[in-house]
Amino acid sequence: YDVRQVMATLPQSGEVRHAIRQFTLNPEVEGRARSVKKLAENLGFSVSEVDMPKGMNGRLAQDTWAENGFRIEINFRLSVQAKRFAVLHEMGHYFRHRSQDFDPFMETMHFDPSGQTFYLDTAKETEANQWAEALLFGAGQLSAACGLHGEDLPRLANYFGVTERVVSIALQKLR
């Protein structure tokens, strides 16, 4: 997991980079995983839980009232842990896939006007997952957590505040 790749997708703003570094380097605060909702809001997103079709975890929606022009919508039926990863995944779409001259008032080639999905390209879905994984587990965070908790999936999932499935996939990639 290369946090440098995450940083390369960010604007040059010191505030954005500082918020991402703080999140990555300090995954826990007072024994709890850091709030991804607060991170997203600090980066200009509005975040809401909405009713979505089964199998859809979240989407990035244009929102002219959000500071950065986007709202992250998360399926309210997901577990708290799955919601956390979904928020990071949608942030990955924003930072990896929007052009630097993006106009939030224009539709992009990736926007599905039916509202069902934002990105139709499975390669972009994989890239958004990789961005979220690097943010969570990069800079040696997963290795360090394994040093503390071994490969105990429930403890690692609790430490990072994500599902055991996400941690299991991360561990497979680490090996």
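The values are calculated or read from the model by the stated rules, or taken from the named source; none is laboratory data. Here the structure is a predicted model, which means the values were calculated and not measured. Virtual Cβ from ideal backbone geometry, glycine too; neighbours counted across all protein chains shown. Heads up: the accessible areas ignore ligands, DNA and RNA and are worked out on the full protein's heavy atoms, side chains in. Shrake-Rupley method; radii C 1.70, N 1.55, O 1.52, S 1.80 Å.
Taking the chain, how many lysine pairs are there with alpha carbons less than 25 Å apart, if each pair must be eight or more places apart or span two chains? Step by step, the pairs that qualify in the chain add up to 10. With the convex hull of the Cα atoms taken as the outline of the chain, the averaged projected area works out to 9.9 nm².
Per the Kirkwood definition applied to all pairs of different Cα atoms, how many angstroms is the hydrodynamic radius of the range 7-95? By the Kirkwood definition, the hydrodynamic radius is 13.5 Å.
On a per residue basis, the chain carries 54 Å² of accessible surface, using protein heavy atoms and a 1.4 Å probe. Only beta bridges with both residues in the chain are counted; by DSSP, about 60 percent of them are antiparallel. Averaged over residues, the count of other Cβ atoms within 10 Å places the peptides 137-149, 45-57 in the sequence 137-149, 45-57, highest first.
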